[in-house]
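First up is the structure itself, then whatever we jot down about it.
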Amino acid sequence: MPQLALDVMLGTWGKSVGVWLTAVVAVTVLRTTGIASDFRFDRDTFAFANQTVFEYHEGHPSLRRGSSVRRDMYKRHCFVLCRTAVQFKKFARFDPRGVPLDDASLAARLRAVTHRAPRAEPLPEDQRIVFPGYTDLREMSKARRELVQLNIGHGWPSYFRISNARMIFQHSARYQEETHACLNAALARGQLFVGFLTTFPRLSINHSLLVYKRKSFSPNPGVETYFAYDPNHPESPRELTWSPHTRSFSYQKDWDFVGGYVRVYQVYGKLLQ
């Protein structure tokens, strides 16, 4: 449904129609899951983690103690890792039978992939940038971790994204319903959805993740659950949920988040997002 039509419907009929519309979208997605993305967590994500700036205790952030052991300094790259995962899925392919590239050649190909707009259409197989010597992104990022980290982009520009302003001006339940509809529509088209999660003005989470699949079964009737790649957790997928009753998203509890309510904003879906 076009965005203008959605705005008119929600503005005219209110919350009850918004919930009804969400249910219709959900049924439509269930009928079109045959074209879902073939994104696989164990193949299409990075083997290393984005490290957090703060220490966390039961999900609550605090300044790192001076006596803390110095951890891997690859920080503030959650947006970069999600964006690059999308770009590799769209513009790259792997040739495990080939000979691995030297550092300079591999760096050049990494930059060739990440300089393409993540919202662009996928390249045909015969036009993709080839990475020989590895089966997939996870294997390559494990074997050449430092080189990959140095050539997929800086993390600090994420703090100055124009679209970050939405967390101040667009925080209504209606806007979250629209985001939920966009998420379902993207997955129905076989696309990936990168989301910016925040609880602003609270600081419990300020993070990006990549949603790649809707869970076929949810233990809570009416609640939709999605699998996501979280750059802080390269070991396994995380779960994002949507409740039509509260018209809100929730993210699972872990060491770096207390769990529960979050606002979600799509990024990399279109220009200036």
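The values are calculated or read from the model by the stated rules, or taken from the named source; none is laboratory data. The structure presented is a predicted model; accordingly, all values stated were derived computationally and were not measured. Here the Cβ is made from the backbone with ideal geometry for all residues, glycine too, and neighbour counts use every protein chain on show. Each accessible area value is taken on the protein alone, full model and side chains, heavy atoms only, with ligands, DNA and RNA left out. Shrake-Rupley method; radii C 1.70, N 1.55, O 1.52, S 1.80 Å.
In this structure the amide hydrogen of residue 254, modeled in the peptide plane, comes within under 5 Å of the amide hydrogens of 259, none closer than 5 places in sequence on its chain.
Overall form of segment 163-273: rounded. Here a/c, set by the Cα gyration tensor axes a ≥ b ≥ c, is under 1.5.
Of 187, 158, 204, which is farthest along the charge dipole of segment 157-216 in the positive direction, counting Lys and Arg as +1 and Asp and Glu as -1 at C-beta? The Cα lying farthest towards the positive end belongs to 187. At an R0 of 22 angstrom, the distance between the Cβ atoms of residue 126 and residue 104 translates into a FRET efficiency of 0.30. Overall shape: oblate for segment 130-206, with the ratio a/c of the largest to smallest alpha carbon gyration tensor axis at 1.5 or above and b/c at least equal to a/b. Which whole-angstrom value gives the distance between the alpha carbon centres of segment 99-165 and segment 198-273? Cα centroid of segment 99-165 versus Cα centroid of segment 198-273: 24 Å apart.
Summing charges over neighbours of residue 200, with a neighbour being any other residue whose Cβ is under 12 Å away from its Cβ, gives +3 when K and R count +1 and D and E count -1.
Dipole of segment 146-273, Cα-centred, from +1 at each Lys and Arg C-beta and -1 at each Asp and Glu C-beta, to the nearest 20 debye?
So the magnitude is around 420 debye.
Expressed as a whole percent, the accessible area of segment 177-273 that falls on carbon and sulfur atoms is 59 (1.4 Å probe).
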